[in-house]
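Asks: One structure coming up, written as structure tokens, with questions to follow.
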Amino acid sequence: MFEIEYEFKEEDLVHFNELRLKSDEEMQKTIRKSRLLVPGAMLLIGMFYYVYYADMKTTAYIAILAIAWGIVSPYIMKMDMRRQFLEKYTEVEKAGMFGIHKLKIEPNYLLEVSPAGKHRNYWKDMLRVDYVEKYVHIFIGLDSAIVIPVERIKSGDLEKFAEQAESMIERLG
């Protein structure tokens, strides 16, 4: 049977969660709102200062802050979301998650050997195999997947492994 070995790191977990957020319409709406609403309100305050007090200096400061907020806020929100992803897990869970993983295709299940131990993922419970950027995702639920970073494959042929996993999911899923 097919088998691969790879290293899973913190950045891989963050990458997967960021991909999930990119496809989350509600979260994208919140980010756009924050990026536009706050600077818009600040610009209105700046206009108020300009019209009623003829204070160009304060208006310019407020306008610069509004523009800076519109540019910088998505990056700040992204950093905060990364921190929140990692805070969801305890140190024990992280120790079991990060490190060397082995995946082996068996007739009825995908055997995963990780620092946390052995786990069987039955083909009938899996959804699909996705190829995204520098990763292969084997979805075991709607919002959970086995994330395989292409760059950190230690042994095995990922391409053949992913094709075989995909055919097993289609056949037995």
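Asks: Apply 1/(1 + (r/R0)^6) to the Cβ-Cβ distance of Val14 and Ala41, taking R0 = 30 Å, and write down the FRET efficiency to the nearest 0.05. Walk me through the intermediate numbers first.
Replies: Details: r = 31 Å, r/R0 = 1.04.
The value I calculate is 0.45.
Asks: Could you work out the relative contact order of the chain, using alpha carbon pairs under 8 angstrom and six or more residues apart, expressed as a whole percent? Mind dumping the intermediate values first?
Replies: Values: 229 pairs, mean separation 50.9, N = 173.
After rounding, I find 29 percent.
Asks: Sorting check: for 103-110, 139-146, which peptide has the highest mean count of neighbouring beta carbons within 10 Å, and how do the rest follow?
Replies: Numbers: 103-110: 16.4, 139-146: 14.8.
Most protected by this proxy first, the peptides run 103-110, 139-146.
Asks: On full extension of the chain, what length is gained from Glu106 through Met56, given 0.36 nm per residue of separation minus the C-alpha to C-alpha distance?
Replies: Working: separation 50, 0.36 × 50 = 18.00 nm, distance 7.16 nm.
Gain on stretching Glu106 to Met56: 10.8 nm.
Asks: Between Glu159 and Arg128, how high is the FRET efficiency from 1/(1 + (r/R0)^6) when r is the Cβ-Cβ distance and R₀ = 25 Å? Nearest 0.05. Each step should come with its number before you reach the end.
Replies: Details: r = 17 Å, r/R0 = 0.66.
With R0 = 25 Å, the Cβ-Cβ based efficiency is 0.90.
Asks: Check which residues have an amide H placed less than 5 Å from Glu106's amide H, if you skip close sequence neighbours.
Replies: Residues meeting the amide H criterion: Leu111.
Asks: For the pair Ile76 and Met27, how long in nm is the line joining their label points, each one 7 Å along Cα→Cβ?
Replies: Distance between the two pseudo-spin positions: 1.9 nm.
Asks: Enumerate the helices in the chain for which the Kyte-Doolittle hydropathy averages 0.0 or more and the C-alpha atoms extend at least 24 Å along the helix's axis, using complete DSSP H runs. Provide the component values of the computation, followed by the final result.
Replies: Details: long enough: 25-53 (41 Å, 0.22); 56-87 (44 Å, 0.53).
In the chain, the long hydrophobic H runs are 25-53, 56-87.
Asks: For region 107-160, which GluC sites (Glu not before Pro) are both in a DSSP coil and crowded by at most 14 other Cβ atoms within 10 Å? Working shown, then result.
Replies: Details: sites: Glu112, Glu133, Glu151, Glu159; in loops: Glu133.
Answer in residue order: Glu133.
Asks: To the nearest 500 deg cm²/dmol, what mean residue ellipticity at 222 nm is calculated for the chain from DSSP H runs of n ≥ 4 alone, each contributing -39,500 (n - 2.57), summed and divided by the residues?
Replies: On the way: 5 runs with 96 residues, N = 173.
Taken over the chain, the calculation gives -19000 deg cm²/dmol.
Asks: Students often get this wrong, so check it: of Lys104/Lys160; Lys9/Lys33; Lys94/Lys124; Lys78/Lys102, which have C-alpha atoms separated by over 21 Å?
Replies: Details: Lys104/Lys160 12 Å; Lys9/Lys33 32 Å; Lys94/Lys124 28 Å; Lys78/Lys102 31 Å.
Violating the 21 Å limit, Cα to Cα: Lys9/Lys33; Lys94/Lys124; Lys78/Lys102.
Asks: Follow-up question, since we're still on this one. Of [x] 125; [y] 164; [z] 113, which one was derived for volume of the Cα convex hull per residue in Å³ from the structure shown?
Replies: It is the one labelled [x].
Asks: Okay, next question. Length gain on complete extension for the stretch Val92 to Ser144, per 0.36 nm per residue less the alpha carbon to alpha carbon distance? Intermediate results must be reported in sequence, preceding the final value.
Replies: On the way: separation 52, 0.36 × 52 = 18.72 nm, distance 1.92 nm.
Stretched out fully, the Val92 to Ser144 stretch lengthens by 16.8 nm.
Just so you know, all these numbers are worked out from the coordinates, no wet-lab data involved. Bear in mind the structure is a predicted one, so any value in this text is a computation, not a measurement. Neighbour counts are summed over all protein chains in view; Cβ atoms, including those assigned to glycine, are modelled from backbone coordinates with ideal geometry.
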